Amino acid sequence: MKLKNFMEVEFLADSINESFARICVATFCLPLNPSIEEISDIKTAVSEAVTNAVVHAYPNGQGVVKLRVELDGSDVVISVSDNGVGIKNFNKAREPFYTTKPDQERSGMGFSVMETFMDNVGLFKNGEKGVKVVMRKTCRSAVLQEGTYAGRR
Ligand SMILES: Nc1ncnc2c1ncn2[C@@H]1O[C@H](COP(=O)(O)OP(=O)(O)OP(=O)(O)O)[C@@H](O)[C@H]1O
Ligand SMILES: [Mg+2]
């Protein structure tokens, strides 16, 4: 049977919620039976996307981060979106070492990390100005066990 599931959660754009987001995604992905490496890659990518919303989206106050995770067969699709100030130039933002916050010890490697650990990373406008990052990864270990997902009857 093909696994189909999704979840959505919203939380305050505060660094205290970065570990919550990571653990939330990792737990939700468990029915896919991912390898330790796959789950660690996914957690790293989620951390970068959520940290970006926390650090960059709302320079003038508080805001919300929306996290959506979809399981589609052996694929995990994760979207992290905000309603913040947005990104003027997507291509530039994705360049390695490009950062608008060099003073705050940012290295400009967030998007590069997401691209390294996920199979595909898309960057979109969310509503008027916000940012939406959509990341996809195929869990190869799940492919090997097609039809016999853990916990699925
Ligand atoms: N959600 C967002 N809202 C507004 N701007 C963003 C958002 N995400 C990224 N950016 C912009 O894109 C730039 C590049 O992001 P990236 O994650 O690659 O580097 P960084 O966050 O600056 O540094 P690092 O991730 O290495 O700490 C950021 O400096 C910021 O200007
Ligand atoms: Mg970053």
Discussion item. All but one of (1) closer than 30 Å to Ala142 by Cα; (2) more than 8 Å from ligand 1 (Cβ to nearest atom); (3) not hydrophobic (A, V, I, L, M, F, W, C) hold for Gly63; state the number of the condition that does not hold.
Written reply: (1)
Practice prompt. State whether one or more residues within the range 4-21 are modelled with pLDDT under 95, out of contact with any Gly (no Cβ under 6 Å at 6 or more places or on another chain) and closer than 23 Å to Asn120 by Cβ.
Written response: yes
Item to complete: Specify which of the listed residues (Ile42, Ile78) is under 19 Å from Gly122 (Cα atoms) and touching a Pro at 6+ places or on another chain (Cβ under 8 Å).
Response: Ile42
Worksheet item: Is it the case that some residue within the range 71-83 is more than 9 Å from ligand 1 (Cβ to nearest atom), within 23 Å of Asp14 (Cα to Cα) and more than 18 Å from the chain's Cα centre (by Cα)?
Response: no
Discussion item. I need a count of the residues in the range 55-81 that are surrounded by 21 or more Cβ atoms within 10 Å (Cβ to Cβ) and not in a strand (DSSP E or B).
Written reply: 3
Worksheet item: Among Phe124, Phe97, which is the only one that is in a strand (DSSP E or B) and surrounded by fewer than 14 Cβ atoms within 10 Å (Cβ to Cβ)?
Response: Phe124
Practice prompt. Could you give me the residue pairs with C-beta distances under 6 Å whose first residue belongs to the range 47-58 and is closer than 20 Å to Ala26 by Cα, whose second residue is in a loop (DSSP other than H, G, I, E, B) and within 6 Å of ligand 1 (Cβ to nearest atom) wherever it lies, and which are 6+ apart or on separate chains?
Written response: none
Worksheet item: Pairs under 7 Å by beta carbon, first residue without any contact (Cβ under 8 Å) to a residue 40 or more places away in the chain in the range 5-21, partner among the small types (Gly, Ala, Ser), six or more apart or different chains?
Response: Glu18/Ser47
Worksheet item: Applying the selection to the range 100-120, what residues are assigned to a helix (DSSP H, G or I) and either surrounded by 13 or more Cβ atoms within 10 Å (Cβ to Cβ) or without any contact (Cβ under 8 Å) to a residue 40 or more places away in the chain (or both)?
Response: Pro102, Asp103, Gly110, Phe111, Ser112, Val113, Met114, Glu115, Thr116, Phe117
Discussion item. Which of the numbered conditions does Gly73 fail, given that it passes all the others? Conditions: (1) without any contact (Cβ under 8 Å) to a residue 24 or more places away in the chain; (2) in contact with a strand residue (DSSP E or B) (Cβ under 9 Å, 6 or more places away or on another chain); (3) within 15 Å of Ser141 (Cα to Cα).
Written reply: (1)
Worksheet item: If we keep just the residues of the range 127-137 that are surrounded by 17 or more Cβ atoms within 10 Å (Cβ to Cβ) and away from ligand 1 (no atom under 11 Å from the Cβ), which is nearest to Val64 (Cα to Cα)?
Response: Val134
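The values are calculated or read from the model by the stated rules, or taken from the named source; none is laboratory data. Note that this is a predicted model, so its numbers are computed, not measured. Every residue, glycine as well, gets a Cβ built from its backbone with ideal geometry; the counts of neighbours run over all protein chains shown.
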